[in-house]
Amino acid sequence: MATITATVASVHAGISDQTAKEQQTAIIVELDGVVGDHHRSYTRKAWAGDKQPKGTIRRNERQWSAMSVEELAQIQAAMDLAEPLSGAAVGANICLEGIDELSRLPKGTILRFPSGAELMVAEYNPPCLDISSRLANALKTNSGKALENTAFSKAAKLTRGLVGVVEVAGKISVGDEVEITPYQHPSWLARSPD
């Protein structure tokens with residue numbers, strides 16, 4: 001798969017455990033995550049649905065989260081929202097523009113930024129009911145119909161974005177061009193026919 005180029009449309013961080021994050025002009029990423037962000041840590045507690053029992057201290061594979069402008073627009077249309085849905089509102093640290101199917105990038109994909117910062121994709125970020133409930137209470141539809149608590153979860157089912165870890169520390173600024181290298185198995189792993 002060829003390298004993909006995208007642009008950083010917005011960046012966000014927040015120390016509150018609330019979903020929404022504050023828009024910034026730039027964020028700093030260290031090896032333990034986004035500086036000034038609630039999810040910054042080498043570890044986290046497992047929750048229901050993780051491989052470990054709820055509450056187990058485990059490695060934090062969710063040091064950062066990213067969504068794309070294109071996928072946010074799809075979610076906005078599916079929810080019939082009266083105003084644009086932002087990356088900040090859904091708790092993303094980075095919002096990229098120029099990549100239609102960000103959520104489908106495989107584990108191991110690398111995002112490289114001009115500062116030298118590198119982020120590695122750990123997994124798809126499934127929509128959660130907590131965010132969905134908060135958005136249902138805060139957002140309005142074009143039709144005036146109230147949103148169900150599950151509206152965001154349903155609309156974002158395959159377009160919720162990605163989470164991952166910081167590989168190399170650095171600065172990520174609005175307007176940065178990001179080089180995305182999707183993961184591919186190394187050629188030496190392929191078995192040759194006998």
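The values are calculated or read from the model by the stated rules, or taken from the named source; none is laboratory data. As the structure is a computational prediction, the values presented were derived from the model and not from experiment. With ideal geometry, Cβ positions are generated from the backbone for all residues, glycine too; neighbour counts draw on all protein chains shown.
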Subset of the range 84-131 [at pLDDT 95 or above and of a type in the set (D, E, K, R)]: Glu97, Glu101, Arg104, Lys107, Arg112, Glu118, Glu123
Single condition Thr5 does not satisfy, out of (1) of a type in the set (Ser, Thr, Tyr); (2) over 23 Å from Glu101 (Cβ atoms); (3) over 15 Å from the mean Cα position of the chain (by Cα): (2)
Residue that is surrounded by the fewest Cβ atoms within 10 Å (Cβ to Cβ), among those in the range 22-37 that are assigned to a strand (DSSP E or B) and among the hydrophobic types (A, V, I, L, M, F, W, C): Ala26
Members of the range 38-85 found to be in a loop (DSSP other than H, G, I, E, B), in contact (Cβ under 8 Å) with a residue 24 or more places away in the chain and closer than 18 Å to Ala9 by Cβ, listed by number: Glu83, Leu85
Residues within the range 149-170 that are of a type in the set (D, E, K, R) and assigned to a loop (DSSP other than H, G, I, E, B), tallied: 2
Test result for Ser16, small (Gly, Ala, Ser), buried (at least 19 other Cβ atoms within 10 Å of the Cβ) and either at pLDDT below 95 or within 17 Å of Ala155 (Cβ to Cβ) (or both): no
Among residues of the range 171-187, those that are part of a strand (DSSP E or B) and farther than 20 Å from Leu31 by Cα, counted: 1
Filter result for Val11 (under 18 Å from Val121 (Cβ atoms), touching a Cys at 6+ places or on another chain (Cβ under 9 Å) and β-branched (Val, Ile, Thr)): yes
Count of residues meeting criterion [touching a helix residue (DSSP H, G or I) at 6+ places or on another chain (Cβ under 7 Å) and either touching a residue at least 60 places away in the same chain (Cβ under 8 Å) or assigned to a helix (DSSP H, G or I) (or both)] in the range 117-135: 4
The lone exception for Gln24 - which of (1) of a type outside the set (Lys, Arg); (2) farther than 19 Å from Leu162 by Cα; (3) touching an Asp or Glu at 6+ places or on another chain (Cβ under 6 Å) it fails: (3)
Pairs where the first residue, in the range 6-24, is closer than 13 Å to Ile94 by Cα and the second is assigned to a strand (DSSP E or B) and of a type in the set (Asp, Glu), C-beta under 7 Å, 6+ apart: Ala6/Glu97; Thr7/Glu97; Thr7/Glu177; Ala9/Glu97; His12/Glu22; Ala13/Glu22; Gly14/Glu22
Counted residues, the range 137-148 - those being surrounded by 19 or more Cβ atoms within 10 Å (Cβ to Cβ) and outside any loop (DSSP other than H, G, I, E, B): 0
